[in-house]
Structures are given as C-alpha cells and as structure tokens.
Amino acid sequence: MLSRLFRDFQGDVVAIPGRLIALIFFVLLFLVPAFIQQPYILRMLIFTNMFVIFAVSWDFISGYTGQMNFGHALFFGVAAYATAFLNRGDGLGPGWPIWVTIPIGALVAVVAGVIMCLPALRLRGTYLALVTLAFPLILMGVIFANTEFTGGELGISGIDRIADSRTAEYYVSLVVMLVSVLIMWKLTDSKSSFIRTGIIMHAIREDEIAARASGINTIRYKLFAFAVGGFFAGIAGGMYAHFLRIASPSTLDITLSFQAIIWTVFGGITSIYGPVVGTYILYPLTESLRFISEYRLLIFAVLIILILLFMPEGIAVWIRDKIERECPRCKLTNVSWRHTCRACSADLY
C-alpha cells in the first residue's frame, strides 16, 4: 500500500511541475515562523491565509459555475457577526468556544448562500451580479437600523482570540486554509473518478442549456455551489472576526467582494490555485506599500492592468502553461521540455 501511494505521489505530484511547486510552497509556509518572528509579518500572512479561503470560495461559485457573484462579502460578514454573537453569548447564555462558533457561523453563511441563490436561479450575467450585489447592502442597512443589537458602526467587540500567540494563530490559519483549498480543489477536479461535481460544474459554466438538456439538475448544483462557497467564505469570516476580536460593518463592505474578484482574476480564474497565487502576491504587496499611501493604489492598478494585458488568463495559469504540456492523446500532464508523453510516448509538439 505504501509503495502504491509513493508511486501515485511520484506520478501525480513530482512529475507535474505545478503541483510540485505548490507542495514546496506550502512546505515553506509551515517553516515561516522558524525564520520570521516579526509580529507584523505574521499578522499580514494570517490575513493572507484568511483571504485565500475567501477568494477561492468566490472562484468556486463564479469561476466554476459561471454565476457572477458581486456580493460575496455577504457570507464573510454574516459568519463574522454570527460568530461574534455566539462567542459573546448576548442573550444566548454563556459564550460558546471558538471551535463551535466558527463552524456554526459558516453554516449560517450557508443559509445566507441558499437565500441569495433562490431569487437568482433564473438570472444570468449582469442581472445576477446586481441581485447578489444588493444583499450585503440590505444586511448592512439592517445592522445600522438595529444598533442596540448589532453595535452599529462600532460593531461587536470583546470576542475571544483564535490562540494565545501570534505564531499559533498563524499555524491555525495556515492549516485551515490548506484543508479548505484542498477540499474545494477536489470538488472542482473534472478528472476525479470519485467526485463528479467538478465536471458537472464545468458543464454548467460552459453551456447551462446543454447541461440541462443532458439531464443535469442545474438548479441543484447551483445551490450546491452557493452553499459550499458560502460555507468556506464563512469560515474565513469567522476566523477574521476572532483574529481582530471584533465583527464590524467593514466585513460586509462592497470593496471586499471586489477584492476577491481582483485577486482571483489576477491569479487565474477557474483554477483554484489562481486565487491562492493572486492573494499571496497582491495582499502582501498592498500592505507593504502603505508607507507610500499616496501612490499605493496607482501601483496596484498599473500592476493589474499589465497582468491583464500580457497574461489575460492570470499569472498562475500563464506560468502553468509555460512549464506544463498536456498530451493530445491520453491527456496526461507532462513537463514542457519533454518531447514525448511520459505514459503513451505520443509526440507533444
């Protein structure tokens, strides 16, 4: 059994440059605290891990099913407030522990995702985007209208921290991010022989009418996409609230939704690893440029424009296409410098 796992590891990870780079990257992330102890850098990486989950969950909904969601911050904010309410225990008895509040907050975000999806099932394109955009605005209005319960602009503060030290918080955010990304990647893997949701979601994105004509219940899978995307965005929102120890209206800000879109498009939409790369490049970059705040947005905009001009599919997808090549016969991935397929020996050029 171990020998088979080792062979699978060699064939599915070591032989594919993109996956090997991803493996090395995540191993290095686990080693970061051994070399970097500055609280500010660890804090920045913790936020990056949370926003990776948030961006990948947007890609899961919009990239893989084509449901353009401009209100993704709804899931983030709903989970943050639900987590804060439960942890504070306001009117709900004693405060609940973190390991309970974050999953429950994510489940509340699932409910919000289903509610958002129901009126949008028959909408597409611009109309769907506008409907989803309205939901965070509606919830923000509810928050400001019930300040005695929600705290209004001040939000809900005084909730528990994720861990007692910054290093422990970093490892918690890293493990949760890694598990979340792996689950969403597996659910969207069109080549998986065990989980078939990936190929179905691809079919819905490419041609929903053809998918429905072939017998696929597209409504069920749209609900599934919104529920799963909402769950993981809720995980990120709950962790965000516990890390900052406050849930505020900023978690529902429209700009947060558009940041997830920018990170995903920059890295490469419909790829799962694209949002990871985009978030790990753009978020630390924007934080590092705070010392030149008057030029920060300009540099940020120029960088995005250049990437979209010269790498329209995203930087991660562009790099993948440079180092990998798919066999035209057996569809197996090979390194780009090979001339023949490693499995069937077909000509790659």
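Quickly run through region 219-254 and pick out the residues that are touching a Lys or Arg at 6+ places or on another chain (Cβ under 8 Å) and either free of Cβ contacts under 8 Å to residues at least 12 places away in the same chain or in a helix (DSSP H, G or I) (or both). Don't jump to the end; show me each part of the working.
Initial filter on region 219-254 (touching a Lys or Arg at 6+ places or on another chain (Cβ under 8 Å)): 242-243, 245.
Selection gives 242, 243.
So if I check each of 105, 77, 95, which one is more than 19 Å from residue 219 (Cα to Cα), surrounded by 14 or more Cβ atoms within 10 Å (Cβ to Cβ), in contact with a Leu (Cβ under 8 Å, 6 or more places away or on another chain) and at pLDDT below 85? Break it down into steps so the answer makes sense when it comes.
Working: 105 fails: at pLDDT below 85; 77 fails: at pLDDT below 85.
Within the list 105, 77, 95, the selection yields 95.
When region 305-329 is examined, which residues are found to be aliphatic (A, V, I, L, M) and either crowded, with 16+ Cβ neighbours inside 10 Å or over 17 Å from residue 259 (Cβ atoms) (or both)?
Step one: filter region 305-329 for residues aliphatic (A, V, I, L, M), giving 305-309, 311, 315-317, 319, 323.
Selection gives 306, 307, 309, 311, 315, 316, 317, 319, 323.
Against the condition farther than 30 Å from residue 36 by Cα, loosely packed, with under 13 Cβ neighbours inside 10 Å and either of a type in the set (A, V, I, L, M) or within 25 Å of the chain's Cα centre (by Cα) (or both), how does residue 145 come out, does it pass?
Values: farther than 30 Å from residue 36 by Cα: yes; loosely packed, with under 13 Cβ neighbours inside 10 Å: yes; either of a type in the set (A, V, I, L, M) or within 25 Å of the chain's Cα centre (by Cα) (or both): yes.
Criteria met by residue 145.
Please go through region 1-60 and give me each residue that is modelled with pLDDT of 90 or more and of a type in the set (Asp, Glu), ordered by number.
Of everything in region 1-60, just one residue is modelled with pLDDT of 90 or more and of a type in the set (Asp, Glu), namely 59.
Considering each of 61, 53 in turn, give the residue that is assigned to a helix (DSSP H, G or I) and either touching a Ser or Thr at 6+ places or on another chain (Cβ under 6 Å) or free of Cβ contacts under 8 Å to residues at least 40 places away in the same chain (or both). Please lay out each step first, then the result.
Values: 61 fails: either touching a Ser or Thr at 6+ places or on another chain (Cβ under 6 Å) or free of Cβ contacts under 8 Å to residues at least 40 places away in the same chain (or both).
Going through 61, 53 in turn, just one is assigned to a helix (DSSP H, G or I) and either touching a Ser or Thr at 6+ places or on another chain (Cβ under 6 Å) or free of Cβ contacts under 8 Å to residues at least 40 places away in the same chain (or both): 53.
When only residues in region 214-230 that are among the hydroxyl-bearing types (Ser, Thr, Tyr) and crowded, with 16+ Cβ neighbours inside 10 Å count, which is nearest to residue 58 (Cα to Cα)?
Let us first name the residues in region 214-230 that are among the hydroxyl-bearing types (Ser, Thr, Tyr), namely 214, 218, 221.
Within this subset, residues satisfying the condition of being crowded, with 16+ Cβ neighbours inside 10 Å are 218, 221.
On the way: 218: 18, 221: 15 Å.
Restricting to residues being among the hydroxyl-bearing types (Ser, Thr, Tyr) and crowded, with 16+ Cβ neighbours inside 10 Å, the top hit is 221.
Looking at the structure I just gave you, is residue 257 touching a Phe, Trp or Tyr at 6+ places or on another chain (Cβ under 8 Å), of a type in the set (S, T, N, Q), closer than 18 Å to residue 62 by Cβ and in a helix (DSSP H, G or I)? Talk me through it step by step, then tell me what you get.
Numbers: touching a Phe, Trp or Tyr at 6+ places or on another chain (Cβ under 8 Å): yes; of a type in the set (S, T, N, Q): yes; closer than 18 Å to residue 62 by Cβ: yes; in a helix (DSSP H, G or I): yes.
Taking the combined requirement at face value, the residue satisfies it.
Quick one: residue 159 ticks every box in (1) exposed (fewer than 13 other Cβ atoms within 10 Å of the Cβ); (2) outside any helix (DSSP H, G or I); (3) of a type in the set (Val, Ile, Thr) except a single one, so which number is it?
Unmet condition: (1).
The values are calculated or read from the model by the stated rules, or taken from the named source; none is laboratory data. Because the structure is predicted, anything quoted here is derived from the model rather than measured. Cβ: placed from backbone, ideal geometry, glycine included. Neighbour counts: every protein chain shown.
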